[in-house]
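See structure below.
The values are calculated or read from the model by the stated rules, or taken from the named source; none is laboratory data. Please read these numbers as outputs of a predicted model, since none were measured by experiment. All Cβ positions, even for glycine, are placed from backbone atoms using ideal geometry, and neighbour counts span all protein chains on display.
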C-alpha cells in the first residue's frame with residue numbers, strides 16, 4: 001500500500017484548484033497587478049507634471065472657507081463641494097467637488113489671498129485616472145467591475161496559499177532547485193517558464209499576501225470589521241460626523257459665522273500640520289469636519305477633528321476616525337491599511353517594493369497560462385510510431 005497516496009491525492013486536488021482558479025481569474029489578476037504597478041509612483045509623477053501654479057506667500061490673512069466656497073461654486077454652480085484644502089506655503093487653496101451619480105470630480109484652485117481662480121482640474125480624465133479605473137473596476141461600470149475585482153482578489157489570495165503548498169518540496173535536493181534558477185545553456189524555454197512561475201511566485205507570495213490582504217480590507221466592509229474586531233478593536237468601523245453639542249446653528253445678522261475664523265484657529269492650534277482639509281457641515285445640526293494632515297505623502301497619522309458650528313468647540317469622535325495619538329493599537333493598524341497597500345508606509349523604498357511585487361504578480365498569470373497551454377498542446381499532439389521516431393533520428 002502506498003503510504004503517500006493520501007498526500008498525493010491532496011496535492012492533486014490543490015493542483016486542480018490552483019489551475020482552474022488561475023484560468024478563471026488570470027486576466028483580472030494581470031490587469032489589477034499591472035495597474036497597481038503603474039500606480040505606485042502616481043504622487044511623484046503627478047507632482048512633476050502638475051499644471052497647478054504656485055503662489056507667492058503673503059503675510060495678510062487668507063480668504064476664509066466660506067469665501068473659498070462661494071468663489072469656487074461660481075465655477076460649478078449646483079455641484080456638491082466635498083471639501084476645501086488649505087495646503088499652506090506656495091500651494092493654492094483647492095476646492096474639491098465630488099458627486100457619485102453621475103460621477104463628477106473636479107477641483108478649483110484659488111489664490112489664497114486674492115481669491116483669484118488659478119486653475120481647474122478634472123480628476124476623471126488623464127493617465128492615472130485610467131490606471132485607477134482599471135485597478136478598481138477593470139474599466140467596467142463600477143457596480144460590475146468592483147465586484148469582479150473584489151472576488152478575483154480573494155481568489156488570488158487562495159491561489160497564493162495553494163501555490164505555496166504545491167511549491168513545498170519533499171526533500172532538500174528538490175528545495176534547492178525550487179529556490180533559485182538552475183539554468184544551463186541547453187535549458188529549454190518550457191523549463192525556464194516553469195521555474196519563473198514557481199520561483200518568482202514563491203518569493204513574491206510572502207509580500208504579495210500583505211498587499212492583497214489590505215486590498216480585501218478596503219474592498220469588503222465585513223472583512224474589515226472582522227479583521228478590526230479580531231485584533232482587539234472596540235469602536236465602530238464607520239465614518240460619522242457628530243452633531244453640534246450646542247444645538248442647531250443659527251446665523252446672527254451682523255455677526256461673522258465662526259467657520260470664517262476656523263483657519264487662524266487651526267493654524268494657531270496645529271502649527272506643525274502639513275495641510276487642513278475642511279468639510280462643510282451637511283446642515284445646521286452637524287459639526288464642521290476637519291482632516292489635519294501631520295505628514296507628507298501618508299494618511300494614517302492624520303487627525304479627524306470635529307468642531308461645533310456655533311463656537312468651534314471640539315467634539316470627540318466615537319468611531320475609529322478621531323485623533324491619531326488617542327487611537328488604540330487596533331485603530332492605528334486599520335488606519336495604516338491604505339498606506340501599507342500602496343507601500344507609502346515605508347516611504348520611497350516601500351513604493352519601490354510595491355512596484356516590484358506588483359510587477360512580479362502580473363507575470364504569474366502569464367507564466368501559469370503558458371504552463372497550462374504547453375501541457376494542453378502536448379496532450380493533443382499525435383503520438384509518433386516507433387518507425388517515425390527512428391526515421392526522424394536518422
Name the residues in segment 177-217 that are free of Cβ contacts under 8 Å to residues at least 60 places away in the same chain and either surrounded by 18 or more Cβ atoms within 10 Å (Cβ to Cβ) or closer than 19 Å to residue 165 by Cβ (or both), would you?
177, 178, 179, 195, 198, 199, 202, 205, 206, 209, 212, 213
Sole miss for residue 105 among (1) over 30 Å from residue 367 (Cα atoms); (2) within 21 Å of the chain's Cα centre (by Cα); (3) part of a helix (DSSP H, G or I) is condition (3)
Considering each residue of segment 223-238, count those that are in a loop (DSSP other than H, G, I, E, B) and surrounded by fewer than 12 Cβ atoms within 10 Å (Cβ to Cβ), and give that number.
3
Given the conditions (1) part of a helix (DSSP H, G or I); (2) surrounded by fewer than 21 Cβ atoms within 10 Å (Cβ to Cβ), which single one is not true for residue 354?
(2)
Taking helices (runs of 4 or more DSSP H) that do not extend beyond segment 153-222, which have at least 2 residues that are modelled with pLDDT under 80 and either assigned by TED's automatic domain parsing to the domain that holds residue 30 or within 20 Å of the chain's Cα centre (by Cα) (or both)?
172-179
For residue 110, work out the one condition from (1) crowded, with 17+ Cβ neighbours inside 10 Å; (2) over 18 Å from residue 46 (Cα atoms); (3) in contact (Cβ under 8 Å) with a residue 60 or more places away in the chain it doesn't fulfil.
(3)
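Yes or no, residue by residue, for (1) assigned by TED's automatic domain parsing to the domain that holds residue 258; (2) modelled with pLDDT under 95; (3) outside any strand (DSSP E or B):
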position	(1), (2), (3)
43	no, yes, yes
47	no, yes, yes
63	yes, no, yes
70	yes, no, yes
89	yes, yes, yes
96	yes, no, no
140	no, no, yes
At pLDDT 95 or above and either over 26 Å from residue 342 (Cα atoms) or surrounded by 15 or more Cβ atoms within 10 Å (Cβ to Cβ) (or both): does that describe residue 14?
no
